[in-house]
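First the structure, in the form of structure tokens, and then the observations on it.
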Amino acid sequence: MKKELVYDLPTRVFHWLFSGLFITAFLIAKTVDSESLVYTYHMLVGLTLGFLVLLRLIWGVLGTKHAKLSDFSLNPRDLISYFIGILRGEKRKWAGHNPASSWAALFMMACAVTSALTGYLMTSGTAKENFEDIHELSANAFMIVALVHVAGIVVHTLRYRELIGLSMVNGKKADVSPGEEIRNQRGGVALLLMGLVIAFGIQLVRNYDFQSRTLKFVGTVLTLGENEAHDD
Ligand code: HEM
Ligand code: HEM
């Protein structure tokens, strides 16, 4: 069966960076003592994740057809008919994001921004306690939706006998209606995206003082440690 290109390279690079950074930030938070030096990377990875989402939102305006946020299938009726279609085994194809992954994607991006923002506020001197609960809540909600998203990919794969997961690797889907395919991978933009994210991460590490556990970040000083007035 002929497959057509639907996801450009920046979207795919974003996807794997986004999932990788999220899992890293989440695992550090859940497994490492917050007094440990490794926790530093929780903060740095989290801030990089927030920056990555910012870039994706820009690509959501400037990108190719199915990278555009306006291409996301967000009509609640489509979401309901998607689930009904799954139950009935109807063969309906989406060249871009199906309704479930459209909602999941936006929700996960919103959780990433909320986590990064509350993490920033918690470490920038603003009372940590005020934002700690929202920080944990958005991170946990993020994880739940990410797990549902992966489960959804598995269900979709089995129900429609379509290896949809591969579309985030090679960018291609089968049964794409004429006019829905894209012509250009936008490899240059993908390189730029990776370059910007790596540069951002390196800059964070360079601005981090491992002695005082402080980070100089856009005009503020973020502190991991004494800001965190622990109850224990
Ligand atoms: C923590 C893990 C994951 C997170 C946070 C995540 C997040 C996302 C996000 C944000 C999007 C939207 C991408 C965009 O438009 O920029 C997306 C789409 C997608 N993801 Fe994931 N993802 C994860 C794991 C996976 C895995 C393991 C697979 C494959 C096995 C996968 C396959 C896909 C596919 C195929 C789409 C497009 C769905 C469609 O065409 O309807 N994801 N994911
Ligand atoms: C954006 C992705 C992020 C995710 C998914 C995330 C996730 C989490 C989670 C799950 C916890 C709670 C751990 C527990 O169960 O006790 C936590 C705690 C924390 N996070 Fe984040 N976080 C993110 C970003 C950030 C950022 C950007 C910062 C700082 C700039 C930050 C600073 C902190 C701090 C200070 C704590 C509290 C540590 C403690 O005293 O227990 N996080 N984070």
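Rule-based calculations on the coordinates, nothing more; no lab input. Every value quoted in this text rests on a predicted model; they were computed, and no experiment measured them. Here the Cβ positions follow ideal geometry from the backbone for every residue, glycine too, while neighbour counts run over all protein chains shown.
If the chain between Leu117 and Phe83 were fully stretched, how many nm would it gain, using 0.36 nm times the residue separation less the Cα-Cα distance?
Roughly 8.9 nm would be gained on extension.
Charges at C-beta only: +1 for Lys and Arg, -1 for Asp and Glu. How large is the resulting dipole of the range 3-223 about its Cα centre, in Debye rounded to 20?
Here the size comes out at about 760 debye.
In the range 1-31, which trypsin sites (Lys or Arg not before Pro) fall in coil by DSSP and have 11 or fewer other Cβ atoms within 10 Å?
Filter output for the range 1-31: Lys2.
In terms of the ratio Rg/(2.2 N^0.38 Å) built on C-alpha atoms, what value belongs to the chain?
So the Cα radius of gyration is 1.12 times the expected 2.2 N^0.38 Å.
Mind checking the angle between helix 128-160 and the chain's longest principal axis? C-alpha axes, 0 to 90 degrees, to the nearest 10.
The answer is roughly 20 degrees.
How high is the relative contact order of the chain, given as a whole-number percent (alpha carbon pairs under 8 Å, six or more residues apart)?
Worked out over the chain, it gives 32 percent.
Note the full-extension length gain between Ala174 and Lys91 as 0.36 nm times their separation in residues minus their Cα-Cα distance, in nm to one decimal.
28.7 nm
Out of the trypsin sites (Lys or Arg not before Pro) in the range 46-148, which ones are loop residues according to DSSP with at most 16 other C-beta atoms within 10 Å?
Of the trypsin sites (Lys or Arg not before Pro), the ones in loops of the range 46-148 whose Cβ has at most 16 other Cβ atoms within 10 Å are Lys68, Lys91, Arg92, Lys93.
Loop-only chymotrypsin sites (Phe, Trp or Tyr not before Pro) in the range 134-232, please: DSSP not H, G, I, E or B, and at most 12 other Cβ atoms within 10 Å.
Phe210
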